[in-house]
Amino acid sequence: MKYHVDGDLVPVEEASVSVRDRGFRYGDAAFETVRAYGGSIFEWDAHEARLRRTAEQLGFGDVVPDDLRERVRETLAANDCGEAYVRLSVTRGAGMGRLTPAPDVDPTVVIIVEELPRGGLTGESVWDGPATVQTVKTRAVPDAAVPSDAKTHNYLDGILARLELRRAANEAYRADEALVRDAEGNLTEGATSNVFFVDDGTLKTPSTDGPLLDGITRAVVLDLAADEEFPVETGQYTTAAVREADEAFLTNTTWELRPIARADGVAVGDGPITRLLSRLFDERVERAHYE
């Protein structure tokens, strides 16, 4: 395997960044996880726009390279990898160990890829089965502290949530994803996913007015639902709404749509809306990347 590091393709065992890099020292970096289907990137424009918005919020948007998409293509080609998870990171670069960034920025740009199964109508899911989700004590970081729409290397809240799941696991019960709440107790998202559920025929998902990341797959699902004229509602919900739902699922770039089998020990499962949206998503991928 080869990774793309600061404009060069290098073998994985030689790929490295400086120990002085601010992405390593402080999480001072923007990143995106994108999905390659058939050698091209799904929803590239949306991912690139969000990456640039994050970099602008961090104060180095003007140094993000213009050839990011070509670098991704080069990395996929170098690894003969058309079906892949791709992580693209742009840090502020190496600097002294002071919190205040220097005014001049020399960014570090890293692209890594990992092979995944084919997507689309004849593809395979990357997950083994429907998810078990569990409400955790770790709360979402308020927007007033860290903007939730900034996708940065600061993922400690997600890590702490996943560690809670690990501590709670036993031979009979093991959760795949955390359900995270804000300071008021409202459901926000999963540690690395957005949450949808169906209640009496209405598709519901937490509003981006709360501290959650507006996922790219989340936006695609809402578009698909609008095309089908499903009743859709965004708002504030408790985790009890997921437990009591008729069906529920998670979304992210890698999982696509993953049904929720159990929430806090209560059986939920998929249903006709989840299955239809999953098929429509696969059809969209098929048309865009395999036809």
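Rule-based calculations on the coordinates, nothing more; no lab input. Quantities reported herein were computed from a predicted structural model and do not represent experimental measurements. Using ideal geometry, Cβ is built from the backbone for each residue, glycine included, and neighbour counts are taken over all protein chains shown.
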Quiz item: Among E184, E74, E43, which one shows the biggest mean-square fluctuation in a GNM of the chain, springs joining Cα atoms closer than 10 Å?
Solution: E184
Quiz item: In whole angstrom, and with the biggest value first, how far do the Cα coordinates of the range 131-289 range along each principal axis?
Solution: 39, 37, 30
Quiz item: How large is the dipole of the range 131-289 about the Cα centre if only Lys and Arg carry +1 and Asp and Glu carry -1, each at its Cβ, rounded to the nearest 20 debye?
Solution: 720 debye
Quiz item: Dipole of the range 63-153 (Lys/Arg Cβ +1, Asp/Glu Cβ -1, origin at the Cα centre): which of L88, A140, A150 lies farthest to the positive side?
Solution: A140
Quiz prompt | Cα-based convex hull volume of the range 101-182 per residue, rounded to whole Å³ | solution = 182 Å³
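What number, rounded to the nearest 500 deg cm²/dmol, is the helix-based mean residue ellipticity at 222 nm of the chain, given -39500 (n - 2.57) per DSSP H run of at least four residues and division by all its residues? Could you put the intermediate results ahead of the total?
Values: 7 runs with 79 residues, N = 291.
About -8500 deg cm²/dmol.
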Quiz item: Considering the dipole of the chain built from charges on the beta carbon (Lys and Arg +1, Asp and Glu -1) around the Cα centre, which of I112, G271, V285 is farthest to its positive end?
Solution: I112
Self-check item: Choice from V232, V180, V110 showing the highest fluctuation, given a GNM over the chain with Cα pairs closer than 10 Å
Solution: V232
Exercise. Return the distance in nm (one decimal) between the two label points of a simple spin-label model at E184 and V12, each offset 7 Å from Cα along Cα→Cβ.
Key: 4.5 nm
Quiz item: In whole Å, what is the distance between the alpha-carbon centres of the range 128-174 and the range 213-291?
Solution: 19 Å
Exercise. Can you give me the three principal axis dimensions of the range 2-115 from its C-alpha atoms, in Å, biggest first?
Key: 43, 31, 18
Exercise. With a ≥ b ≥ c taken as the square roots of the eigenvalues of the C-alpha gyration tensor of the range 220-268, please select rounded if a/c is under 1.5 and otherwise prolate if a/b is larger than b/c or oblate if it is not?
Key: oblate
Quiz item: Looking only at L163, L212, L179, which one moves most when the chain is put into a Gaussian network model with springs between Cα atoms under 10 Å?
Solution: L163
Exercise. Quote to one decimal, in nm, the extra length available between A267 and D209 on full extension: 0.36 nm per residue of separation minus the C-alpha distance between them.
Key: 18.0 nm
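With only Lys, Arg, Asp and Glu charged, each at its Cβ (+1 for the first two, -1 for the last two), find how big the charge dipole of the chain is about the Cα centre; round to the nearest 20 debye. Don't skip to the end; give the middle numbers.
Numbers: 32 positive and 53 negative charges, 203 e Å.
That gives the chain a dipole magnitude of about 980 debye.
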Quiz item: More than 32 Å apart: what percent of Cα pairs in the chain qualify?
Solution: 28 percent
